[in-house]
1. Treating cross-link reach as a plain straight distance, find the lysines whose alpha-carbon is under 25 Å from the alpha-carbon of Lys142, omitting any fewer than eight places away in the same chain.
2. Specify the inter-centroid distance of region 37-59 and region 109-146, based on alpha-carbon positions, in whole Å.
3. From the phi of every residue in region 54-71, what ³J(HN,Hα) in whole Hz does the Karplus formula 6.51 cos²θ - 1.76 cosθ + 1.60 yield, where θ is phi - 60° and glycine or proline is x?
4. When the Karplus curve 6.51 cos²θ - 1.76 cosθ + 1.60 is applied with θ = phi - 60°, which whole-Hz ³J(HN,Hα) does each residue of region 82-97 get, with x for Gly and Pro?
5. Starting from 0.36 nm per residue, how many nanometres of slack lie between Ile7 and Ala132 once their C-alpha separation is accounted for?
6. Enumerate the calculated ³J(HN,Hα) couplings along region 133-143 in order (Karplus 6.51 cos²θ - 1.76 cosθ + 1.60, θ = phi - 60°), each rounded to whole Hz, writing x wherever the residue is Gly or Pro.
7. In whole percent, and with a 1.4 Å probe on the protein chains, what portion of the accessible area of region 1-149 is carbon and sulfur?
8. Under a point-charge model restricted to the Cβ atoms of Lys and Arg (+1) and Asp and Glu (-1), what is the dipole moment magnitude of the chain relative to its Cα centre, in debye to the nearest 20?
Amino acid sequence: MKNTELIHKVREFNRFYLPYMKLLGSRYLGTDASAAEARILYELYTNEGCNAAYITRAVNIDKSYLSRFIADYVRRGYVVRRPSAQDRRSSRLYLTDKGKDRAREFIRRSDEEIGSLLEGLDEEDQETMMQAIGQMMDLLHKSQACRQQEEDL
């Protein structure tokens, strides 16, 4: 298979997957949030006390764009900043109870949405899908590691 064929297949998958999972547009799963906002809250929920640099890398989001989200979350009472014990110039980010509730709501809605999409699959099809997703992730991680090694040289 030529590389261009694979590129086109990945793009085809993205065009299928993103709207199918309702990840396009400004509303995430019927809420007033975008997918980026929900993902940032998820990272804060699962990585309590992380810093903005971590989220920038994990979500692959521009620092200034993330900064606006964090400022909005602080204003809305979802996030508090605390100075880092190791580096006073850096802040650690923590979800408030209100922020945790918001993140859990996104997680619940996402689980329900994906569950409804998979209802028509029997156990064998679900296992096939799990393996396929695992292979895709492994291959993309491998590709990323190779790119990182080349950049480090």
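The values are calculated or read from the model by the stated rules, or taken from the named source; none is laboratory data. The structure presented is a predicted model; accordingly, all values stated were derived computationally and were not measured. FYI the Cβ positions are ideal-geometry reconstructions off the backbone, even for glycines, and counts take in every protein chain you see. With ligands, DNA and RNA removed, areas are computed over all heavy atoms of the protein, side chains included. Shrake-Rupley method; radii C 1.70, N 1.55, O 1.52, S 1.80 Å.
1. Within the straight-line cut-off, Lys142 pairs with Lys2, Lys9.
2. Rounded to whole Å, the Cα centres lie 22 Å apart.
3. Result, rounded to whole Hz: 4, 5, 3, 6, 5, 9, 6, 10, 4, 4, 5, 5, 4, 4, 5, 4, 5, 4.
4. 10, x, 6, 5, 7, 9, 4, 6, 9, 10, 9, 10, 10, 7, 7, 4
5. Working: separation 125, 0.36 × 125 = 45.00 nm, distance 1.74 nm.
Value of the extension gain: 43.3 nm.
6. So the Karplus estimates, Gly and Pro as x, are 5, x, 5, 4, 5, 4, 5, 5, 4, 4, 4 Hz.
7. On the way: 5710 of 10860 Å².
Exposed carbon and sulfur together represent 53 percent of the surface.
8. Values: 25 positive and 25 negative charges, 250 e Å.
It comes to approximately 1200 debye.
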